[in-house]
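The values are calculated or read from the model by the stated rules, or taken from the named source; none is laboratory data. Everything quoted here is computed from the prediction, not taken from an experiment. Because the Cβ atoms are built from the backbone with ideal geometry, glycine has one as well, and the counts that use them run over all protein chains shown. Accessible surface is based on the protein model in full, side chains and every heavy atom, while ligands, DNA and RNA are left aside. Shrake-Rupley method; radii C 1.70, N 1.55, O 1.52, S 1.80 Å.
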Amino acid sequence: LTQILLDEEGFWSVTPEILARHQARRCGTGQVLDAFAGCGGNAIAFAKEGANVTAIDISFDRLKLLRHNARVYGIRDEKISIMQGDFVNLAKNQRLKADIVFLSPPWGGPGYRSKGAFDFHSPLPGPNVTMATLIDISRNIVREKNKGGVVCYLPKNIDLKQLEGIVRELSPPPPSIPTLR
């Protein structure tokens with residue numbers, strides 16, 4: 001029996017399978033770009049739901065684990081395209097396009113919750129950009145703004161007031177409804 005393989009970072013950062021499946025169902029099919037794919041938990045769930053996935057990770061070794069893990073789940077290689085590199089640089093220098101961009105960047109390791117509230121405007125460990133910047137970069141990758149979008153898997157210590165403000169800022173205005181007289 002072949003088993004799932006994780007490295008140390010993957011062990012504590014992989015999305016629990018039940019949650020990855022839920023996220024994948026909500027995102028649907030189409031082209032999904034997993035910007036911080038790691039060992040493949042979300043990329044595999046997206047592919048199992050029928051999406052074509054582009055999986056990006058800075059670690060070549062983690063991408064090898066992703067490929068192995070996808071095969072354990074019976075995912076054909078052509079369902080998940082792999083790109084090794086830094087998402088921010090690839091987004092600036094490649095013509096990346098997707099229906100959905102999925103963001104689950106490094107939050108700060110297993111002790112992230114001891115650092116206080118997660119701040120959208122503080123640099124993240126690893127990519128050294130803010131979550132707000134990652135969202136802006138990702139919005140430029142989404143093909144059709146009204147049919148896709150940016151999906152973020154956020155830490156439990158998110159500042160809910162800050163999140164509410166960002167959602168309001170990024171959401172399109174409600175359609176105007178004509179008044180009947």
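The H on the amide N of Ile82, modeled in the peptide plane, is under 5 Å from the matching H of Ala55, each at least 5 residues off or on a different chain.
Eigen-decomposition of the gyration tensor built on the alpha-carbon atoms of the chain gives equivalent ellipsoid semi-axes of 28, 21, 16 angstrom, largest listed first.
Spacing of the modelled spin labels on Met83 and Glu169, each 7 Å from Cα toward Cβ, amounts to 2.5 nm. Can you quote the Å³ per residue value for the convex hull of the Cα atoms in region 1-102, rounded to an integer? Hull volume over Cα atoms, normalised by residue count, gives 89 Å³.
First check a/c for region 60-112, with a ≥ b ≥ c the square roots of the eigenvalues of its C-alpha gyration tensor; if it is under 1.5, answer rounded, and if not, answer prolate when a/b is larger than b/c or oblate otherwise. Judged from the Cα gyration tensor, region 60-112 comes out oblate (a/c at least 1.5, b/c at or above a/b). Close amide H contacts of Val151 (hydrogens built in the peptide plane, cut-off under 5 Å, sequence separation of 5 or more or a different chain): Val101, Phe102, Leu103. Working value for region 23-65: equivalent-ellipsoid semi-axes of 19, 9, 7 Å, each the square root of 5 times a Cα gyration tensor eigenvalue, largest first. Any idea what angle helix 160-170 forms with the longest principal axis of the chain, computed on alpha-carbon atoms, 0 to 90 degrees, nearest 10? Result, in degrees: 70.
Measuring nothing but how far apart in sequence close Cα pairs (under 8 Å, 6+ apart) lie, relative to its length, the chain scores a relative contact order of 19 percent. Counting Lys and Arg as +1 and Asp and Glu as -1, what is the net charge of the other residues whose Cβ lies under 11 Å from the Cβ of Ala117? Charge balance in the 11 Å sphere: +2. Taking θ as phi - 60° and the Karplus parameters 6.51, -1.76 and 1.60, the scalar couplings of region 4-17 work out to 5, 10, 9, 8, 4, 5, x, 4, 9, 10, 5, 5, x, 4 Hz in sequence order, x denoting glycine and proline.
In the context of the full set of protein chains, the chain has a per residue accessible area of 60 Å² (1.4 Å probe).
The residue among Leu6, Phe46, Met83 whose Cα reaches farthest toward the positive pole of the charge dipole of the chain, with charges on the beta-carbon of Lys, Arg, Asp and Glu, is Phe46.
Amide H to amide H, with H built 1.01 Å from N, Thr15 comes under 5 Å of Gly41, Asn42, counting only residues 5 or more places away or on other chains.
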